[in-house]
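Note sheet for the following structure.
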Amino acid sequence: MIQVEGLTKIFKDKKRGKVVAINNLKFECQKGQIFGLLGPNGAGKTTTLRILATMMVPTQGKAEVNGFDVVKDANKVRRHIGFLSSETGLYDRFTPRETVKFFGRINGIEDKIIEKRMAEIFRNLDMEDFQDVRVNKLSTGMKQKLSIARSIIHNPPILILDEPTVGLDIITARTVIEYVKKFKEEGKCIIYSTHIMREAEKLCDVIAIIHQGNIIAKGTLEELKKNSLSDDLEEIFFGLINQGENLK
Amino acid sequence: MSWKNIRLIFVKELVGTIRDRRTIIAMIIIPLIFYPLLFTGIGYFNKLGSMKSEEATSNIIIYGAEFAPQLVKYFQGNEKIEILNIKENSSSKLENGDVQAVLEIPSDFKYKIEQGGAGVLILKYDATEAKSRIAQKRINQIIEKYKGEIVLQRLSHLGLKEEFITPLILKEENIATAEKIAGSFLAVLLPYLIIILIFIGAMHTAVDLTAGEKERGTIATLLVSQISRLEIVLGKCFAVMFISFTSMVLGLLGLTLAFLSGASIAGGIEGAKFGISINTIFLIFLVLLPLVGLASAVLVMVGIFARNIREASSYITPIYMLTIFLGIISISQGIELTSKMFLVPVLNSSFVFKELLMGKICWDHIITTFSANTIIAGFALLESTRLFTKEEVLFRS
Ligand SMILES: Nc1ncnc2c1ncn2[C@@H]1O[C@H](COP(=O)(O)OP(=O)(O)O)[C@@H](O)[C@H]1O
Ligand SMILES: [Mg+2]
C-alpha cells in the first residue's frame, strides 16, 4: 500500500548549507503490516513521514500511497491516510466530540457517518466519560486518545505515525501501542517511526534502521538478527552504525 | 474551492476565538463595560468636585480696604465672598488653602481714580487650585463691574454717551448645521479611531490563527485533510475580518456610551446632535469592508510567515506603528488632497471617512479607495496562500 523508491530530500539550510535529510530511501509496506522506521534523532524519520503525508515534496524519488503519487495526487493520498505525530496538537478550546466532528467534516465525511463512527471510536478508546470536556482540561493520556480518534475518524486504510509515544508516560505510551496493534488487526497499513528499540521490537513486522538519512538495514526482526552477530536489537543497531562509520 | 469548506474553517476559528477569555475581555468587557464605567467615574468625580467648589464661598483677604471703600462694598454685597479680617501670614494661608485669594489695594488707589488715572490692584491666587480659580473669577467679575461704573462716570463727566467707546458692533451668525458641527468634530477623530480599532481587533486573532496554530502543532492536522490551502487561508481570513469588524463596532459603541455617560453626568453636551444619515453610514461601511479585509489579510500573511507567536508580534509592531502614523497624518488638518493619495491604503479610507462625515460624497475617491484596498487585500490573500504551500515557511525550525 505504501511504495517508496529512491526517495531523497535535501534542505537548503541558511547556516548549514545543503542538508541531505534522507537519501535514496526504498521500502514498502503492505496491508495489515506495521513498518517501523527506527533511528536516532535527526535520522530523517519525520522528513520521510511528512513526504508520505503530502506535507513536503521530495527532492528526488517517488512515493506512492494506496496507488497514488504523493506529489501529483496529493489530495487523493490525504483521503487515505491518518497522520499522527508527537508534534501534532489539538485545539484547546474544543471538546473531543467537537474536535472529532470537525476533522470528520474537513475530511469530507457526512455528519451521519461521523456520528456513527465517533460513537464507535469513543467506545473503543474508552473516551465516553470525557467526550464533552474541553481539551485543555484533559490529561495527557486523554489527549493522546483524542489525537488517535481524530486521525482515524475518516477510517483511513493507512496510518502514518511519527513517534506517537514521545513525551508520554509509560501507561499512556502502552495504551497507544495497544491501539496500534489493534489497528493492524483491523487490516490497516501502518508506518511507525520511533527511536525506541523495545517499541520497534514489540510492534513492527518489518524494521528499517535509518541513520543520517540512509536505511542501513531492513527486514523482520528475525532477519536482522540472522544477518548480524547479535540477538539484541540494540546491539545490532550499534553494530550497524559502527560499520557505517568505519566504511567512511 | 468550496464555500462549505471555507465555512467549516471560518466557524471553527470563530468558535475557538470566542471561547478564548482574552477575546471576550478585549472585545466586550473593555469597550462596553470598562470605558463607560471609567468615563462615568471621571465625569462623576469631576462634577462632584466642581459642584463643591462652585457652591463654597471664597475666603479672601483684602489689604488696604480703606483706600477703596466703594469697591469693598461690592465685595461685601456678594454672598459667595467672605472677607476675612486677618492681616498676618496671608501668603502661607493662601498656600495651605485657608484663603483662596488675596487682594492688595495700594494707598494711592482712591487718588488715582479720582484724578482720572488707573488704579492698580494686585490679586494673588493659586491657579492650580480649583477653589482659588473660582475666587479669582468672582473677584474679576466684581472688578469688571466696578470698572464699568467708573468708565460711565468719566464719560458722563465729559458729556459723552456709552456708545462713544463702542463704535463698532459685529454680529456673527454661524450657519453650520448641527450635522456639520457634529461631523467636523467626528471627522477629526473617528477615522483614526476606526482604523486603530480595526487593527487592534484583527491583530491578536490573526496571529493566534496562524503563528499560534504553527506553535501548537495543529497546522499539520489541517494540511493532511481534504481542505485546500486556499480554503484554509480564506476561512481564517474571513474569521479575522469578522472579529476585527465586530471589535471595531463594539469599540465605537463603547466609546460612544462612555462619552455620552461621562458627558451627561458632567452637564450634558449642548446641542450635539449626531446627524449622520443612513446613506452616509452605508457608504462608510462600504469603504470599511475592504479596509477590514486589507488589515486582516496582511496580518494573516505575516502570521503565516512567522515561526511563532512571538516572532509574529515583532513583525506586526512596525506595521502597527505605520498604521498609527498614517492615522495621525490623516488627522492633521490642512493637507492638500491629491487623487494619488487615495491609492495609499489606510490613508485613503481615513480621508474618505472624513469627507463622508463632513457630508461630502466624492464618488471618484470612494471608488479609488474601495478598489485600491480590495486589490491589495487580494494580493495579501494570494501571497498568504502561496506561503501556506511553501514547506520552508510551514516547517521552519
Ligand atoms: N525544515 C527543515 N529545514 C532544514 N533542515 C531540516 C528541516 N527539517 C529537518 N531538517 C534536518 O533534516 C535532518 C532530518 O531531520 P528529521 O527528519 O526531523 O529527523 P528525525 O525525525 O529522525 O529526528 C536533520 O538534520 C534536520 O536538522
Ligand atoms: Mg522526528
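Ordering B:Gly77, B:Thr17, B:Ala211 by the projection of their Cα atoms onto the charge dipole of the protein assembly as shown, which places +1 on the Cβ of Lys and Arg and -1 on the Cβ of Asp and Glu, puts B:Ala211 at the extreme positive end. Using a probe of 1.4 angstrom and keeping all protein chains present, the accessible surface of the protein assembly as shown works out to 53 square angstrom per residue. With contacts taken as Cα pairs under 8 Å at a separation of at least 6 residues, region B:54-164 carries a relative contact order of 27 percent. In chain A, the longest principal axis of the Cα atoms and the axis of helix A:233-247 are about 50 degrees apart.
Ordering A:Ile106, A:Met127, A:Ile153 by the projection of their Cα atoms onto the charge dipole of region A:91-155, which places +1 on the Cβ of Lys and Arg and -1 on the Cβ of Asp and Glu, puts A:Ile106 at the extreme positive end.
Could you calculate the FRET efficiency of B:Val15 with B:Gln141 from 1/(1 + (r/R0)^6), where r is the beta carbon distance between them and R0 is 45 Å, rounded to 0.05? Please report the intermediate quantities before stating the final value.
Working: r = 64 Å, r/R0 = 1.42.
Once the sixth-power term is evaluated, E becomes 0.10.
State the Cα centre-to-centre distance between region B:128-181 and region A:25-96 in whole Å. Value for the Cα centre distance between the two parts: 88 Å. In a DSSP loop and with at most 12 other Cβ atoms within 10 Å, the trypsin sites (Lys or Arg not before Pro) in region B:150-258 are B:Lys161, B:Lys171. Around the Cα centre of region A:91-155, unit charges on the Cβ atoms of Lys, Arg, Asp and Glu (plus for the first two, minus for the last two) sum to a dipole of about 160 debye. Applying the criteria of a DSSP loop state and at most 13 other Cβ atoms within 10 Å to the trypsin sites (Lys or Arg not before Pro) of region B:322-366 yields B:Lys360.
Rank A:Leu240, A:Leu203, A:Thr95 by how far each Cα sits towards the positive end of the charge dipole of chain A (+1 on Lys, Arg Cβ; -1 on Asp, Glu Cβ) and give me just the farthest. Farthest along the dipole direction, towards plus: A:Thr95. Taking the Cα atoms of the protein assembly as shown, the ratio Rg/Rh between the radius of gyration and the Kirkwood radius comes to 1.24.
Hey, got a sec? Which trypsin sites (Lys or Arg not before Pro) in region A:42-115 land in a DSSP loop and have at most 12 other Cβ atoms within 10 Å?
Numbers: sites: A:Lys45, A:Arg50, A:Lys62, A:Lys72, A:Lys76, A:Arg78, A:Arg79, A:Arg93, A:Arg97, A:Lys101, A:Arg105, A:Lys112; in loops: A:Lys72, A:Arg93.
Passing sites in region A:42-115 are A:Lys72.
Only protein heavy atoms count here, probed at 1.4 Å, and on that basis chains A and B bury about 2500 Å² of accessible area in total. About its Cα centre, region A:18-100 has a charge dipole of approximately 120 debye under the convention of +1 per Lys or Arg Cβ and -1 per Asp or Glu Cβ, with nothing else charged. Rounded, prolate or oblate: pick one for region A:21-90, where a ≥ b ≥ c are the square roots of the eigenvalues of its C-alpha gyration tensor, a/c under 1.5 means rounded, and failing that, prolate if a/b is larger than b/c, else oblate. Since a/c stays below 1.5, the shape of region A:21-90 is classed as rounded. Helix B:278-305: angle to the longest alpha-carbon principal axis of chain B, degrees 0 to 90, nearest 10? Value to nearest ten degrees: 60.
A:Gly67 sits among other residues whose Cβ lies under 11 Å from its own Cβ, and their net charge, with Lys and Arg +1 and Asp and Glu -1, is -2.
About its Cα centre, how strong a charge dipole does region B:54-164 have in debye, to the nearest 20, once Lys and Arg get +1 and Asp and Glu get -1 at the Cβ? It would help to have the intermediate numbers written out before the result.
Working: 15 positive and 17 negative charges, 49 e Å.
It works out to roughly 240 debye.
Within the accessible area of the protein assembly as shown, the carbon and sulfur atoms contribute 58%, probe 1.4 Å, all protein chains present. The mean sequence separation of alpha-carbon pairs under 8 Å and at least six residues apart, normalised by the residue count of chain A, gives a relative contact order of 26 percent. Relative to the dominant Cα principal axis of chain B, helix B:35-55 is inclined by about 0°.
With the contact rule set at Cα under 8 Å and sequence spacing of 6 or more, what percent relative contact order holds for chain B?
On the way: 483 pairs, mean separation 89.6, N = 397.
So the answer I get is 23 percent.
The values are calculated or read from the model by the stated rules, or taken from the named source; none is laboratory data. Treat the numbers as computed from the prediction; the structure is a model and nothing was measured. So basically every Cβ, Gly included, is an ideal-geometry build from the backbone, and we count neighbours across all protein chains shown. Quick note on the areas: whole protein, heavy atoms, side chains included, nothing else; ligands and nucleic acids left out. Shrake-Rupley method; radii C 1.70, N 1.55, O 1.52, S 1.80 Å.
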